[in-house]
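Engineer: Take this structure, written in structure tokens, and hold onto it; I'll ask about it next.
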Amino acid sequence: LKLDYRLTPQYFPVAARREIMRRTALCLSSLAAVSGKVYFSETFGDGWESRWTASEWKKSDGTQGTWKLSAGKWYGNEDEDKGVQTAEDSRFFGLSAGFESFSNAGKELIIQYQAKYEKDIECGGGYVKIGPKLSDPTTFGDPTPYNIMFGPDKCGYTKRTHLIFNYKGKNVLKKSDLAYKQEGEGTSHVYRLVLKPDNTVRVEIDEEKIYEGSLKEDWELLAAKEISDPDDKKPSDWVDDSMMDDPEDKKPDGWVEEKRIVDAAAKKPDDWDDEEDGEWEAPMIDNPEYKGDWTVKRISNPAYKGFWEAKKIANPEYVDDDALYKYDDFGFIGFDLWQVKGNTIFDNVIITDEAAEADAFVKKW
């Protein structure tokens, strides 16, 4: 084997070696940019019916709604903007798609989709549910266990963007509601949820951040670190009334509390017949001396000790969990909805661990 010394680094001019290093770095950067995983994506093109299964959960009672492919009344490109649409009013709608099971352990999870209300929904949801593999997708409905529920929900004046996490079999709502942005008939909105390994969450609607915070702080997933000591009792002489009646304050002797009095000037009419008209009584009139109800003056209570509360102790049931974000099995995504007014269109669904992949789907918006 003969070595060509012209190919060794020291043979190249410095500028040439720098150019090779630059190109190598670009190649490595490109490889990193596409290293993310797309677990599921759907634009509702040809064959979408083979990838999704309609639920029959409410079929027996006649309230099961149907789905159709539509771009709706408002669109940019009819073919590109078609999505699945809830086809009737006052129906339950169920539709799910399965994919190869995965865990989000140690990586970001991004769930993103597009929703457009063709008319005011009045009462109903436009959210998605993501959870473990379904054994029978035709039974998908409200009782079906899920890991995460995310998206808009409204009934009358009550409206919010739902974000529910299942933890140890319990569905836990956020302590305070996320803003509701699904306004404007015919306007499509993009929903993005980012769940991170540091147990933080970010929510974006139409590429605008509406929330970023902690699973531990903003959801009651864990038991409280401290609880009130059940053995701590309020002392019998504890005074928690901050104000008291002034013992020195007395009602004045001339204080008149009668609001109405008998009219002393009234006289029984001459033609009044007691046998026919009954016993005559003088009418009542407003009392000109009336001063109102008298109340004793209130003063600060010198014995007041403040609001009593039991001392706090460590909660024996508290167990920390640094893997709140982690789910062992994601295997389906679905729409499980009740809608008073239908015609909602869903499109451009993606589940990935790479923001660039989700950004590419935003461009379809």
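Engineer: Do you know which residues across region 55-95 are surrounded by 14 or more Cβ atoms within 10 Å (Cβ to Cβ), farther than 23 Å from residue 330 by Cβ and small (Gly, Ala, Ser)?
Structural biologist: Result: 65, 70, 71, 72, 87, 90.
Engineer: Identify all residues within region 313-365 that are exposed (fewer than 14 other Cβ atoms within 10 Å of the Cβ) and either aliphatic (A, V, I, L, M) or within 22 Å of the chain's Cα centre (by Cα) (or both); write none if there are none.
Structural biologist: Residues satisfying the conditions are 313, 314, 319, 323, 356.
Engineer: Where the second residue is in a loop (DSSP other than H, G, I, E, B) and surrounded by fewer than 22 Cβ atoms within 10 Å (Cβ to Cβ) and the first is aliphatic (A, V, I, L, M) and lies in region 321-342, which pairs have Cβ atoms under 7 Å and are six or more apart or on separate chains?
Structural biologist: 324/199; 324/221; 340/89; 340/90; 340/122
Engineer: Please pick out the residue among 89, 61, 81 that is farther than 27 Å from residue 185 by Cα and in a loop (DSSP other than H, G, I, E, B).
Structural biologist: On the way: 89 fails: farther than 27 Å from residue 185 by Cα; 81 fails: farther than 27 Å from residue 185 by Cα.
The conditions single out 61.
Engineer: Would you point out the residue of region 202-227, among those that are more than 30 Å from residue 353 (Cα to Cα) and open to solvent by 60 Å² or more (accessible area, probe 1.4 Å), that is farthest from the chain's Cα centre (by Cα)?
Structural biologist: Looking at residues that are more than 30 Å from residue 353 (Cα to Cα) and open to solvent by 60 Å² or more (accessible area, probe 1.4 Å), I get 226.
Engineer: Please find, within region 37-51, the residue that is nearest to residue 190 (Cα to Cα) out of those that are of a type in the set (D, E, K, R) and part of a loop (DSSP other than H, G, I, E, B).
Structural biologist: Taking the candidates together, the pick is 37.
Engineer: Which number in (1) of a type outside the set (A, V, I, L, M); (2) assigned to a strand (DSSP E or B); (3) touching a Leu at 6+ places or on another chain (Cβ under 8 Å) marks the one condition that residue 212 misses?
Structural biologist: (3)
Engineer: Here's another thing I want to ask about it. Report every pair of residues separated by at least 6 positions or lying on different chains whose Cβ atoms are under 6 Å apart, first residue within region 139-162 and under 16 Å from residue 174 (Cβ atoms), second of a type in the set (Lys, Arg) and buried (at least 21 other Cβ atoms within 10 Å of the Cβ).
Structural biologist: Every condition considered, the pairs that remain are 146/129; 149/129.
Engineer: In addition: Among residues belonging to region 264-304 that are in contact (Cβ under 8 Å) with a residue 24 or more places away in the chain and open to solvent by 100 Å² or more (accessible area, probe 1.4 Å), point out the one that is nearest to residue 235 (Cα to Cα). Steps first, please.
Structural biologist: Keep residues of region 264-304 that are in contact (Cβ under 8 Å) with a residue 24 or more places away in the chain, which gives 284-287, 289-294, 296-301, 303-304.
Among the residues that remain, those that are also open to solvent by 100 Å² or more (accessible area, probe 1.4 Å) are: 286, 289, 291, 293, 297-298.
Values: 286: 51, 289: 48, 291: 42, 293: 36, 297: 28, 298: 25 Å.
Of everything passing the filter in region 264-304, 298 is nearest to residue 235 (Cα to Cα).
Engineer: Quick one: which strands (runs of 3 or more DSSP E) sit completely within region 219-313 and have at least 2 residues that are in contact with a Phe, Trp or Tyr (Cβ under 9 Å, 6 or more places away or on another chain)?
Structural biologist: Once the strands (runs of 3 or more DSSP E) in region 219-313 are filtered for at least 2 residues that are in contact with a Phe, Trp or Tyr (Cβ under 9 Å, 6 or more places away or on another chain), what remains is 226-228, 243-245, 260-262.
Engineer: Criterion first (small (Gly, Ala, Ser) and under 30 Å from residue 117 (Cβ atoms)) does residue 264 satisfy it? It would help to see each step written out before you state the result.
Structural biologist: Values: small (Gly, Ala, Ser): yes; under 30 Å from residue 117 (Cβ atoms): no.
The answer is no for residue 264.
Engineer: Also: Show the residue pairs that are 6+ apart or on different chains and have beta-carbon atoms under 9 Å apart, the first residue being within region 226-241 and within 9 Å of residue 311 (Cα to Cα), the second being of a type in the set (A, V, I, L, M) and open to solvent by 70 Å² or more (accessible area, probe 1.4 Å).
Structural biologist: Correct list of pairs: 227/314.
The values are calculated or read from the model by the stated rules, or taken from the named source; none is laboratory data. Just so it is clear, the model here is predicted, and its values are computed rather than measured. Positions of Cβ are backbone-derived with ideal geometry, glycine not excepted, and every protein chain shown enters the neighbour counts. The area values use the complete protein model at the heavy-atom level, side chains included, leaving out ligands, DNA and RNA. Shrake-Rupley method; radii C 1.70, N 1.55, O 1.52, S 1.80 Å.
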